[in-house]
Amino acid sequence: MRATRPFASLALSALILTVLVAFWQIASSSGASQTGPVDAEYAALVGAAAAAGGQSPFPSPAEVGTRMLEHLADPFYVRGTNDQGIGIQLAYSLGRVLAGYALAALLAIPLGFAIGMSPLMYGALNPFIQVLRPISPLAWMPLALYTIRDSGASSIFVIFICSIWPMLLNTAFGVASVRREWLNVARTLECGRLRTALHVILPAAAPTIMTGMRISIGIAWLVIVAAEMLVGGTGIGYFVWNQWNNLSLADIITAILVIGIVGMTLDQALAVATRAVAYQD
Amino acid sequence: MRRPFVSVEGIARRFPATRGAPPQTVFEDVWFGIQEGEFVCLIGHSGCGKTTILNILAGLDRDYEGAVVVGGREIDGPSLDRAVIFQSHALLPWLTAEANIAFAIRSRHPGWGRARVAEACRSWIDLVGLTGAASKRPAQLSGGMKQRVGIARALAVEPKILLMDEPFSALDALTRGTLQEEVNRIVAETKLTAFMITHDVDEAILLADRILLMTNGPQAKIAEVVVNTLPRPRTRHDVHHLPGYYDLRNHIIDFLVDRSRRLARTMPPEWNPRRVPEVRPALAA
Ligand SMILES: Nc1ncnc2c1ncn2[C@@H]1O[C@H](COP(=O)(O)OP(=O)(O)OP(=O)(O)O)[C@@H](O)[C@H]1O
Ligand SMILES: [Mg+2]
């Protein structure tokens with residue numbers, strides 16, 4: 001790929017954004033005049049607010065912008081359990097993601113090491129991994145709610161379950177494909193098992209492990225929104241659901257943007273960490 | 001008869017049959033010895049099992065028949081006393097040149113403090129002429145520099161025996177020449193016992209006291225031992241002027257182009273694997 005001038009691509013991005021917002025503005029202002037009989041099924045779907053107040057128009061960019069500024073000005077307010085600032089909701093979600101993710105890493109990385117180093121362990125655990133991995137993490141939710149009896153902890157469990165697989169498989173793969181000659185170097189230097197694991201295998205497999213961790217954080221952030229919509233209470237997913245019940249589309253769009261930006265930040269943080277452990281062979 | 005310092009006693013290496021491939025005996029009935037402080041080279045065609053022999057001596061390959069006795073004791077796995085210079089240098093790419101060497105020093109001296117390791121590191125780096133490149137990673141070094149780090153790393157464990165698997169084959173002729181002389185000098189100064197695999201006849205004549213000639217595989221054997229009677233010190237600038245040099249060289253090349261293949265089929269009846277004939281072609285002149 002040829003190196004592009006950063007200024008040119010930045011200008012083009014700004015142009016695309018302007019065009020999109022302009023279309024949105026035009027579409028939302030022409031759509032505002034459109035009123036008609038409310039479909040009964042639709043009314044049932046949108047819930048109480050819509051049934052009472054009729055269909056509210058799709059918000060214009062300006063409306064969303066104002067709402068966004070309001071949220072940014074006061075992200076941490078608490079006015080009762082169902083009305084808390086977007087910052088607080090984000091903090092709940094981030095806390096759950098990081099807790100579930102950290103627990104998963106604590107289990108997946110040592111276990112991945114064991115699987116990668118021992119064909120016996122690989123053979124023994126592979127059937128379990130193959131069956132458990134394709135299960136949608138949300139399918140665990142009822143079981144989690146039944147056994148843990150706490151919606152927050154259940155969300156953490158679901159994050160744990162969904163982030164474990166990429167880390168486990170990447171660690172096992174990275175460890176298993178450490179070059180034979182590097183292991184031979186360790187052997188001729190009479191390195192013990194621990195020294196070999198920490199000073200040869202870990203740095204050799206680190207880029208692959210970090211790639212798994214990056215995939216995991218992405219999945220975890222996708223899943224937390226769905227999990228919180230399901231169990232309710234707190235979190236950015238619940239916030240979106242709650243605003244849907246209030247039929248406040250401007251709030252929903254704000255939340256969607258915030259979810260995207262936080263997800264990107266998490267991904268970039270792990271990209272930086274991946275670059276830090278990368279080596280050129 | 002006294003056992004030599006390194007005594008290889010009737011080793012054979014066989015690979016079991018795999019799907020599509022019959023069982024294979026790479027070599028068998030291999031006997032040779034290396035005296036303390038001696039420099040021995042092993043020459044043979046590609047695939048005859050040279051690397052396999054070196055891996056057995058290093059303790060990396062343990063699925064062999066026969067015995068390898070070093071200093072009176074049968075070897076049992078790798079040892080810091082037998083350092084290896086790998087053909088592909090095998091540096092750890094996430095460590096700097098310095099850290100690669102320090103890793104080896106810490107293996108020999110786990111009790112040394114940071115400053116002491118750094119100091120020892122610096123002296124090895126100076127010795128192999130890498131001053132100024134110490135903090136570079138292997139990817140930023142040239143092939144010759146990487147092999148220098150590999151040499152320093154092997155020497156830094158203060159081994160008794162240096163095992164080298166075609167250490168210079170990937171280098172250009174000029175770099176190869178300088179490194180050959182450095183290894184020659186270091187091995188002579190430290191009185192190391194050295195075992196080197198090579199494809200390069202001139203390299204073997206320059207460095208070795210004795211040259212083992214191996215027949216083609218499968219079932220390769222050591223057919224003959226060539227004693228290098230050319231006087232030391234030898235340098236690569238004058239070695240080919242020494243009387244007998246060409247007799248030595250022609251003898252080895254004749255072996256490689258013709259006899260290695262013929263002998264692979266049938267050894268002469270008087271040939272005894274336990275007492276492989278020694279020849280001194282340079283004295284014939
Ligand atoms: N894992 C293995 N399974 C089966 N055969 C093997 C295995 N490893 C090596 N061999 C065989 O052993 C023989 C010797 O291999 P080796 O690497 O020792 O050769 P070499 O003499 O070092 O060759 P070169 O000069 O090309 O490095 C080869 O014919 C190879 O096919
Ligand atoms: Mg080889």
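The values are calculated or read from the model by the stated rules, or taken from the named source; none is laboratory data. The model shown is predicted, which means the values in this text are computed figures rather than measured ones. Counting neighbours? That spans all protein chains shown, and the Cβs are built from the backbone with ideal geometry, glycine included. With ligands, DNA and RNA removed, areas are computed over all heavy atoms of the protein, side chains included. Shrake-Rupley method; radii C 1.70, N 1.55, O 1.52, S 1.80 Å.
What to note about this one:
- In this Cβ point-charge picture (+1 for Lys and Arg, -1 for Asp and Glu), region B:61-185 has a dipole of about 600 debye about its Cα centre.
- In chain B, a dipole from Cβ-located charges (positive for Lys and Arg, negative for Asp and Glu) runs towards its positive end, and of B:Ala208, B:Gly111, B:Val30 it is B:Gly111 whose Cα lies farthest in that direction.
- Interface area, A with B, accessible, probe 1.4 Å, both sides summed, Å² nearest 100: 1800 Å²
- In summary, the lysines within cross-link reach of B:Lys160, defined as a Cα separation below 27 angstrom excluding same-chain residues under 8 places away, comprise B:Lys50, B:Lys146, B:Lys191, B:Lys221.
- Whole-angstrom gap from region B:161-175 to region B:85-145, using each part's C-alpha centre: 18 Å
- Charge dipole (the protein assembly as shown, unit charges on Cβ, about Cα centre) - positive-most of B:Gly217, A:Pro207, B:Asn228: B:Asn228
- Once the partner protein chains are put back, region A:249-281 shows a loss of at least 30 square angstrom of accessible area, versus the chain by itself, at A:Tyr279, A:Gln280 (probe 1.4 Å, ligands and nucleic acids excluded).
- Ranking B:Leu248, B:Gly10, B:Ala134 by how far each Cα lies toward the positive end of the dipole of chain B (charges on Cβ) leaves B:Ala134 at the top.
- Inter-part distance where region B:231-251 and region B:1-69 are each reduced to a Cα centre, Å: 29 Å
- Theoretical gain in end-to-end length, A:Ala62 to A:Leu12 [0.36 nm per residue, Cα-Cα removed]: 15.8 nm
- Contact order, relative form, for region A:91-234: 37 percent (alpha carbon pairs under 8 Å, 6 or more residues apart, mean separation divided by residue count).
- Most mobile listed residue (A:Gly235, A:Gly85, A:Gly112) in chain A, GNM with C-alpha springs under 10 Å: A:Gly85
- Sites A:Arg133 and A:Ala102, calculated FRET efficiency, Cβ-Cβ separation with R0 22 Å, nearest 0.05: 0.65
- With R₀ set to 56 Å, the beta-carbon distance separating B:Thr178 from A:Ala124 gives a calculated FRET efficiency near 0.60.
- Estimated dipole of chain B in Debye, rounded to 20 [Cβ of Lys and Arg +1, of Asp and Glu -1, Cα centre]: 500 debye
- Debye equation applied to the C-alpha atoms of the protein assembly as shown, log10 I(q)/I(0) at 0.10 Å⁻¹: -0.93
- Reduction of at least 20 Å² in accessible surface, 1.4 Å probe, comparing all protein chains with the chain by itself, residues of region A:180-197: A:Glu181, A:Trp182, A:Asn184, A:Val185, A:Arg187, A:Thr188, A:Leu189, A:Glu190, A:Arg195
- Calculated FRET efficiency for the pair A:Leu94/A:Val272, C-beta based, R₀ 25 Å, to 0.05: 0.90
- For region A:52-122, the set of trypsin sites (Lys or Arg not before Pro) satisfying both a DSSP loop assignment and a count of at most 12 other C-beta atoms within 10 Å is given as A:Arg79.
- Student exercise, the protein assembly as shown dipole from Lys, Arg, Asp, Glu Cβ charges, in Debye to nearest 20: 1120 debye
- Carbon plus sulfur fraction of accessible area for the protein assembly as shown, probe 1.4 Å, in percent: 61 percent
- log₁₀ of I(q)/I(0) at q = 0.18, 0.19, 0.20, 0.25 Å⁻¹ - region A:193-281, Debye sum with one point per alpha carbon: -0.80, -0.85, -0.90, -1.15
- Cut-off of 10 Å, at most 14 other beta carbons, DSSP loop: longest stretch of chain B lacking such trypsin sites (Lys or Arg not before Pro): B:63-190
- The HN-Hα couplings worked out from phi for region A:245-254 by the Karplus form 6.51 cos²θ - 1.76 cosθ + 1.60 (θ = phi - 60°) are 5, 7, 6, 9, 5, 4, 5, 5, 5, 4 Hz, whole numbers, x standing for Gly and Pro.
- Gaussian network model of chain A, Cα within-10 Å springs - most flexible of A:Phe113, A:Phe23, A:Phe239: A:Phe23
- Compactness index (Cα Rg / 2.2 N^0.38 Å), chain A: 1.28
- List of region B:90-128 residues, accessible area with partners at least 20 Å² below that of the chain alone (1.4 Å probe): B:Ala90, B:Leu92, B:Pro93, B:Trp94, B:Phe103, B:Ser107
- Approximating the spin labels as points 7 Å out from Cα along Cα→Cβ, the B:Arg232-to-B:Met267 distance works out to 2.9 nm.
- Look at where the Cα atoms of region A:242-261 and of region A:266-281 average out, and the two centres are 32 Å apart.
- Where both bridge residues fall in chain B, DSSP classifies roughly 50% of the beta bridges as antiparallel.
- Probing with 1.4 Å while keeping every protein chain in the model, the per residue accessible area of the protein assembly as shown equals 51 Å².
- At q = 0.11, 0.17, 0.18 Å⁻¹ the log10 of I(q)/I(0) for region A:91-234 amounts to -0.46, -0.89, -0.96, computed by Debye summation with a single uniform scatterer per C-alpha, solvent ignored.
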